[in-house]
Amino acid sequence: MSREDRGAVEDSRVRLFDAHCDAPMKVVDDGADFTREDAPMHVTLPGLETAGVRVQVFASCAVYPDTPSDRVVERGLAMISAVWEMAASSAGRMTVATTASDVHRAMAGGPIAAVIALEGADPLEGKADNLRELAERGVRSVVFAWKDNQFSGTAFGTNSPLTREGLRLLGLAEELGVIVDVSHLSDRAFADVCRASTRPFIASHSNCRAICPHPRNLTDAMIRDVADRGGVMGINLAPHFLSEEAMAAHAALRAEWAAKADNPATRAELAVRRRALPRPDLEDVVRHVVHAMKVGGEDVVGLGGDLDGVEALPKGVEGVADYLKLAPLFRRTGLSERQVERVCHANFARIVEDVLG
């Protein structure tokens, strides 16, 4: 984002709460320096400050892309530790949040709150009780499965439901004050969470399937279910979750990728080609926000950009600093100031109040 663009929207920015990013993966895998504005990642500490992000959820996705099973626990713990180290290196500008009070301080102007999430419960080694240890290490949100595992089926898997151990994990998460996140879950597992949950849950980075029929997005019925239970969905900035055109182009490239030999050169080539795929406009983000509101009300939708978990973002967005553009765009679309604040931070902040305590 240019200095001119930043100046044009600086006066009208609002506080932001982003429910999902994968920056720890860039720190662990690539050695990226989160404190540097020029780091090769979407989310940096200077970028968060520029955008006015007060709360950022940092995911630990231990199984991505193809982690050997004997390294999943080690990788998961490394990403959790990375968030603590990112906060420690911030010179007091960011702290790890483990309670609602920590988030409240951030929203009131204190240090940025970093919330640690587990994206795929594979580091629990199939045992729900192991969540206790990770909660002690600061984990405050959990997606049960990124791909099918001992706890749950997923959107890209067999559409299997929560397992018995998955139901135990749900109960334990609620007991420990860990937010349950249904992004990535299969439709059947989502229905199980709806039936068994007693506290609000979230879909941290999932869009509207009625606009873009990607299996990771939520149907209108699912959006209503999230709303009825006091939950929130976070709009994902991944192009293939935002527009049907981008989804089709991405699917075609994935099919081509599957037919080629899997080697470093091929992966590098296809990464470049993915970044060159059609990028939807920021107006597509607004379309998903407005649709979710129409279906589930103004309390059901927030932001969960999936930055650093995707290789490309909408036109005009190169990193988290460009979140500055969202609030003015929401206002121009006709959202009231109250609705803008709910989308930008208040809805997810309420979930923290309800669950973390």
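Odds and ends about this structure:
- Amide H contacts under 5 Å for Leu307: Asp22, restricted to partners 5 or more places along the chain or on a different chain, H placed in the peptide plane at 1.01 Å from N.
- Highest mean first, the peptides 50-59, 65-74 sorted by other C-beta atoms within 10 Å per residue fall in the order 50-59, 65-74.
- Ser152 sits among other residues whose Cβ lies under 13 Å from its own Cβ, and their net charge, with Lys and Arg +1 and Asp and Glu -1, is -3.
- Rounded to the nearest 500, the 222 nm mean residue ellipticity of the chain from helices alone is -12500 deg cm²/dmol, with -39,500 (n - 2.57) taken per DSSP H run of at least 4 residues.
- Along the axis of the charge dipole computed for the stretch 217-357 (Cβ charges of +1 for Lys and Arg, -1 for Asp and Glu, origin at the Cα centre), the listed residues Ala349, Val289, Ala261 are led at the positive end by Ala261.
- Local electrostatic count at Val178 - Lys and Arg +1, Asp and Glu -1, tallied over other residues with Cβ under 14 Å: -3
- Cross-link pairs beyond the 25 Å C-alpha cut-off, checked among Lys26/Lys127; Lys147/Lys325; Lys127/Lys147; Lys26/Lys315: Lys26/Lys127; Lys147/Lys325
- Each label point was placed 7 Å from the Cα along the Cα-to-Cβ direction; for Asp354 and Ala196 their separation is 1.9 nm.
- Within-13-Å neighbourhood charge of Leu169 [Cβ basis; K, R +1; D, E -1]: -4
Since every read-out is calculated from the coordinates, none of them should be taken as a lab result. Keep in mind the model is a prediction, meaning the values are calculated, not measured. Don't worry about glycine lacking a Cβ; one is built from the backbone with ideal geometry, like all the others, and counts go over all protein chains shown.
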